[in-house]
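The structure under discussion appears below in the form of structure tokens.
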Amino acid sequence: MNGFYPIFKRELLAYFRSPVAYVFIIIFLAANAGCTFLLGNFYNSQQASLEIFFLFHPWLYLFLIPAVGMRLWAEERRTGTSELLLTFPVRMTTTVFAKFFAAWFFIGIALLLTFPMILTVHYLGSPDNGPIITGYLGSFLMAGSYLAIASCTSAMTKNQVISFILSVVICLVLVLLGWGVLSDSLNAVFPVWISDFVSQFSFTTHYDAIRRGVVDLRDLIYFISIIIIMLILNVVVLESHKAS
Amino acid sequence: MYNLHNFKPIVIYSIFMIRVHALSKNFNNFTAVDQVSFEVKRGEVLGFLGPNGAGKSTTMKMLTCFIPPSSGTAEICGFSILDNPLQVRAQIGYLPESAPSYDEMMVGEFLNFVAEIRGYGGKELRRRVSIVIEMTALGEVKNQMIETLSKGFRQRTCLAQALLHDPPVLILDEPTDGLDPNQKHEVRSLISSISEERTILISTHILEEVEAVCTRAMIISAGKVVGYGTPDELKSQSLYRNSVKVSVNGADPKQLLKDFNELDFVYSVERLPEKRKDLVTMRLYPQNKESIALKLEQYLFSQQIPIEHFNVSLGRLDEVFRELTTGKQS
């Protein structure tokens, strides 16, 4: 993995060099608070748990993560730095993973900054820390999957807006596949196993299990495989762009 | 897995540092590079000439393993671009056409980043970065953001990045593009000063640059090699090779034209426009492009023709370039 660390470091610092990082963190924290307290009626739930907090993450990530990921490759291609980056003696896979992990790490920082929520529930009562920890784990893994998709779509175009829209659409499909309304309408026409099968591809199905405190290996494998598949696809997309 | 950064500096495998065999690149139905073959020795500076879109950059991108060739291959320091792209890249310092770099970084920081990628650390990294900063005269902007730099400094920042690992092969895509005459001169002197122990492939469409820095030049047009040789060999193909321009004071143009035409070593004579009324200027083309300066001088002297200017042309690269790339004579 020669070259991983310098690329990772440069990419991570690049977020903080531009207003992107600060705007993202502020909006992320504000949106989290807004969803939990206003939309989710946190106080009315009378529960010292972060269930409501985690409930909204698939929807928040739908717009916020593509915003973080859209510049990963589109920007490099637009400014021509990809020609520099991809002619260094570093494997393309290393470069793709280094950039992805930098962005993921950045999202991890934003997620950690939601720690006042943990303090709040501890102040209000005595919550079960298990689901809180697994909730953060699930949320972080899910964020990684969104990001891998965004990274891949970012490699498809020089235009960040197109990259953003593409990844929002793909992520939306993956969220909606596990949506109750869709399952109900599928069940009305097809046998139940079809809707079960379809929902297995959804972020929400796997995320819901983890955030309830059940860490099943299959759910972890789901997210990790989405990440790996999308990043391999990312490499393929970059290679094919170079060839044409 | 092998450690790329442990590769020792290359002990010459052959005197050819760059060997290109029938390299081609097609984009859909368009042939950008068509069966290009050439070899460059150590210590040579090969000028890569051609009109825009002739395939210069595409060839360079294939040699740096940025894009794969459609057919053919090339070896850099004995490493194949198809089989050992990482080793090839480790041997090359590459300056892409638009001299890209990361705008949000400072010059010194950017060079540190590239040095880290190239596998250096600690003292060695600092030493190398300070050497290239000195070579490219970037000291004054070391702590400046790249986005605030002028075109000349950006170009040099990207050039500095190509020199960090002291590569045996340098591939420079239009290194003086967009620079002012002083900066061009600086970059050319830099290239000349480092060319001795290296092999440099440099693309340009500035013809004076070829004469200034290149030991050999290759002209490509529509993806094909149409001319190859030292700058002087290329110039010898010029119509103007060894032609002599003479300005004579107070002579009768018709008589002079007649006299010159009667000389046996002169192939043809052309009367050139002249701003000064007391002068008559003519260009004499020699038989078989041979050198006629001495014979002509003796003739003029014996006839006591008062000459104001006497100018021998070695040939014009721009004319050869035009002829080879358009198939038309100027």
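Derivation of every value follows stated rules applied to the coordinates shown; laboratory data play no part. Keep in mind it's a predicted model, so treat the numbers as computed, not measured. A quick note on method: Cβ atoms are made from the backbone with ideal geometry, for glycine too, and the neighbour counts reach across all protein chains shown.
Which of the aspartates and glutamates could a cross-linker bridge to B:Lys123, judged by Cα under 18 Å and excluding same-chain residues fewer than eight apart?
Partners within reach: B:Glu109, B:Glu134, B:Asp166.
Need the list of lysines near A:Lys242 for cross-linking: C-alpha distance under 22 angstrom, and skip anything on the same chain fewer than eight residues off.
Partners within reach: A:Lys99, A:Lys158, B:Lys25, B:Lys56, B:Lys61, B:Lys224.
Roughly what percent of Cα-Cα pairs across the stretch A:4-243 reach past 25 Å?
Values: 12816 of 28680 pairs.
Taking all Cα-Cα pairs of the stretch A:4-243, the fraction more than 25 Å apart is 45 percent.
Which helices of chain B meet both criteria: a Cα extent of 15 Å or more along the helical axis and a mean Kyte-Doolittle score no lower than 0.5, with helices taken as whole DSSP H segments? Display every interim value, and only then the final one.
On the way: long enough: B:107-117 (16 Å, 1.20); B:122-135 (20 Å, -0.18); B:151-163 (18 Å, -0.35); B:181-194 (20 Å, -0.65).
Result, helices passing both filters: B:107-117.
Let me have the relative contact order for chain B, percent, based on Cα pairs under 8 Å that are six or more residues apart.
Relative CO of chain B lands at 18 percent.
I'm a student and want to see the number: the projected area of the Cα convex hull of the protein assembly as shown, averaged over all directions, in nm². List each step's numbers first, then the result.
On the way: hull surface 145.7 nm².
Answer in nm², one decimal: 36.4.
Taking chain A as the reference, fit the longest principal axis to its C-alpha atoms, fit the long axis of helix A:92-112 to the helix C-alpha atoms, and give the angle between the two in degrees, 0 to 90, nearest 10.
On a 0 to 90 degree scale, this one is about 30.
Can you give the FRET efficiency for B:Thr148 and B:Glu262, using 1/(1 + (r/R0)^6), R0 = 56 Å, r = Cβ-Cβ distance, to the nearest 0.05?
0.25
Distance between the C-alpha centers of the stretch A:102-143 and the stretch B:197-232? Whole Å please.
Result: 61 Å between the Cα centres.
How big is D for the stretch B:160-274, in µm² s⁻¹ as a whole number, if Stokes-Einstein is applied with the Kirkwood radius of its Cα pairs at 37 °C and 0.692 mPa s?
Stokes-Einstein gives a translational diffusion coefficient of 184 µm²/s.
How far is helix A:20-33 tilted off the main Cα axis of chain A, in degrees rounded to 10, range 0 to 90?
The two axes meet at around 10 degrees.
Please determine, in degrees from 0 to 90 and to the nearest 10, the orientation of helix A:57-69 with respect to the longest principal axis defined by the Cα atoms of chain A, where the helix direction is its Cα long axis.
On a 0 to 90 degree scale, this one is about 10.
For the stretch B:95-140 and the stretch A:197-244, what is the separation of their Cα centres, given in Å?
When both Cα centres are located, 37 Å separates them.
Using a 10 Å cut-off on Cβ to Cβ distances, tally the other chain neighbours for every residue of B:61-73 and report the average as a whole number. Please list the in-between numbers first.
Numbers: counts 3, 0, 1, 5, 4, 6, 7, 3, 1, 1, 0, 0, 0.
Mean partner shielding for this stretch: 2.
Add -39500 (n - 2.57) for each DSSP H run of 4 or more in chain A, then divide by its residues: what number comes out at 222 nm, to the nearest 500 deg cm²/dmol?
Rounded to the nearest 500, it is -25000 deg cm²/dmol.
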